[in-house]
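Heads up: the structure comes next, in structure tokens.
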Amino acid sequence: MNIYNLINKYLEKTNEKIANNEVFGKDLINLTPSKQINLFVIKNIHEAWNKNFIKNKLDYFNYEDPEVISSINTLMNTLSNNIKLEPDVTRSVLYKAINDALSLVTNSHEFIKKDLLNAEDYSVQKLISKSKYYCYHKEIFDYLINKIQKSSKLNIKTTELFNYFDDIPTKENKILNDELSSLLNVDFEEIKKSKQNDSEYYSLFSLDKNKVNDLMIIAKSKENFEEASNIILENLNDEIKNKINHEKIKNLLSSIKKGFK
């Protein structure tokens, strides 16, 4: 079973609903029967706007001025109330949101860590804002927020937050499992099987399993494959570092490269 075919099958089923209709901001929270997918649609639109804004900042202006910050927030609020998606865009954002939800349900810690990497550090308020997009994983964010509150820091580096995940129990969320299984008309165990597991590559690194998982997340979150591969190659254990043509290294880099196409 191919998870991407499943997503496309669902989109084909809903095609009549979205084929000739524009979708507006007020429609997003009820776009699908899945509350989590709908929140991810909203999250991804907001993050795409934010990344585009940061990318296009000019050196001529002081973006940290309080008046500028206030104006930017006003603009964002205005845009949020004026979202309009054409059918092709709706399909695209739905596809990503569904795939994100499937990644979340199969490995919540890994997905949330990857999402947190969109910022270099976090304050309590930033984590609270992020948590609003996760309707079934409040306990993870509550735990991280509590850790920041107990520290003497106003902000904590994102990679430092990763260390706290080791103390957060990993457990399946039955509500989300059932929600996605019903939406895609597939058994949850089939969804889990479809997601790639990097565990076979643990032996390539002189790191414990959690650190290898974190390394994979960081590598896959880079802007391009070159940066991702450099992270991997720099952290290989000494025994295999000079065996660049080792089959496992080639397979690992090949699997990561697919994510940048």
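Residue by residue, here is whether (1) open to solvent by 40 Å² or more (accessible area, probe 1.4 Å); (2) closer than 27 Å to residue 256 by Cα; (3) in contact (Cβ under 8 Å) with a residue 12 or more places away in the chain holds:
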site	(1), (2), (3)
119	no, yes, yes
147	yes, no, yes
150	yes, no, no
156	no, no, yes
180	no, yes, yes
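If we keep just the residues of the stretch 145-166 that are of a type in the set (Ser, Thr, Tyr) and in a helix (DSSP H, G or I), which is nearest to residue 121 (Cα to Cα)?
158
Of the conditions (1) open to solvent by 40 Å² or more (accessible area, probe 1.4 Å); (2) at pLDDT 85 or above; (3) assigned to a loop (DSSP other than H, G, I, E, B); (4) farther than 25 Å from residue 221 by Cβ, residue 20 fails just one. Which one is it?
That leaves (2) as the condition not met.
Is there any pair with a first residue in the stretch 97-114 that is among the polar types (S, T, N, Q) and a second that is open to solvent by less than 20 Å² (accessible area, probe 1.4 Å) whose Cβ atoms are under 8 Å apart and which are 6 or more apart or on different chains, and what are they?
Listed pairs, sorted by first residue: 99/3; 99/7; 106/191; 108/137; 108/140.
With the checklist (1) of a type in the set (Ser, Thr, Tyr); (2) more than 28 Å from residue 114 (Cα to Cα); (3) modelled with pLDDT of 85 or more; (4) open to solvent by less than 40 Å² (accessible area, probe 1.4 Å) in hand, flag the one item residue 14 doesn't pass.
Only one criterion is unmet by residue 14, namely (3).
What residue, of 175, 140, is in a helix (DSSP H, G or I), among the hydrophobic types (A, V, I, L, M, F, W, C) and surrounded by fewer than 17 Cβ atoms within 10 Å (Cβ to Cβ)?
Going through 175, 140 in turn, the sole match is 175.
Looking at the stretch 65-76, can you tell me whether even one residue there is under 20 Å from residue 157 (Cβ atoms) and open to solvent by 50 Å² or more (accessible area, probe 1.4 Å)? Write out each step before concluding.
Initially, the stretch 65-76 is screened for residues under 20 Å from residue 157 (Cβ atoms), giving none.
No, that holds for no residue.
Being at pLDDT 85 or above and farther than 15 Å from residue 113 by Cβ narrows it down to one of 197, 155, so name that one.
Among 197, 155, only 155 is at pLDDT 85 or above and farther than 15 Å from residue 113 by Cβ.
The values are calculated or read from the model by the stated rules, or taken from the named source; none is laboratory data. This structure is a prediction, so every number in the text was calculated from the model and none was measured. Cβ atoms come from the backbone with ideal geometry, glycine included; neighbour counts cover every protein chain shown. In case anyone asks, the SASA skips ligands and DNA or RNA and just uses the protein heavy atoms, side chains included. Shrake-Rupley method; radii C 1.70, N 1.55, O 1.52, S 1.80 Å.
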